[in-house]
Amino acid sequence: MRYENICRASFIDRPNRFIAHVDLDGTRETVHVKNTGRCRELLLPGAEVMIQRSSNLNRKTAYDLIAVYKEGLGLVNIDSQAPNKVVGEWLSGLDFSVIRPEYTFGSSRLDYYMEKEDRRYLMEVKGCTLERDGVGFFPDAPTERGIRHLHELAVAAREGYHSFIAFVIPMPGIRKVLPNMDTAPEFGHALYEAEKAGVHILYLPCSLGESSLDIDVSLAPSSL
């Protein structure tokens, strides 16, 4: 996926989950944060960030904050809509006959339903932006929704679906994601139980630039 109208700014602060203040060429600008997660280790005063100017002239905020440079790591994309988009692009290049986004299963809406010959697939996508010592961790805050998705995927696996949870890793050099047991042990336990039930765990590292994000096909499976 590609971004247009990208520019650099310096992070100032984040008064709530939805907005932040940045310094853009000496002007204090209020921007929309495209990630409601905590991002505490990323959004630090003075951090260089990438913002995108919106084409909607009627918005209260003219820019979206989509990425941040983390010291010692590099550029991290924090756009929470990006993981689903890049997975959709990646899936379209695989050998599925049917790909449906936003598929309702049980009491949840999972990100993708796919078909191949007589096989049915379900996939839930999670974007990982938390890094410690070269390892990714998910989530960065407790997530009841994420736990529910794992339970639904486990049910689907028992019913014969090929069930996947896909961790998109939009930061450089990170190849694997572990459950964040310090912050969300319930998710970690649910992930373990889902894997025991037959849910497959996918790690999808990305290639990224200041105005682009893609699944790194050299590190991703060529078929599911």
Checking the condition among the polar types (S, T, N, Q), in contact (Cβ under 8 Å) with a residue 40 or more places away in the chain and within 20 Å of Lys85 (Cβ to Cβ), which residue from Thr143, Thr129 passes?
Thr129
Find the strands (runs of 3 or more DSSP E) located wholly in region 105-155 whose residues include 1 or more that are among the acidic types (Asp, Glu) and modelled with pLDDT of 95 or more, and list them.
108-116, 119-127, 130-132
Six or more apart or on different chains, Cβ under 6 Å: which pairs go from a residue in region 23-35 that's closer than 17 Å to Val76 by Cβ to one that's hydroxyl-bearing (Ser, Thr, Tyr)? Could you list them?
Val31/Thr61; Val31/Tyr63; Lys34/Ser80; Asn35/Ser80
Can you name every residue in region 168-190 that is crowded, with 21+ Cβ neighbours inside 10 Å and either more than 15 Å from Leu130 (Cα to Cα) or of a type in the set (Phe, Trp, Tyr) (or both)?
Phe187, Ala190
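With respect to Val68, determine if the residue is farther than 18 Å from Ser222 by Cα, of a type in the set (Val, Ile, Thr) and touching a residue at least 40 places away in the same chain (Cβ under 8 Å).
Considered against the rule, which asks whether it is farther than 18 Å from Ser222 by Cα, of a type in the set (Val, Ile, Thr) and touching a residue at least 40 places away in the same chain (Cβ under 8 Å), Val68 comes out as yes.
Output the number of residues of region 184-224 satisfying the condition of being part of a loop (DSSP other than H, G, I, E, B) and over 22 Å from Glu152 (Cα atoms).
So the count comes out to 10.
The values are calculated or read from the model by the stated rules, or taken from the named source; none is laboratory data. In this text the structure is predicted, and so the values were computed from the model without any measurement. A quick note on method: Cβ atoms are made from the backbone with ideal geometry, for glycine too, and the neighbour counts reach across all protein chains shown.
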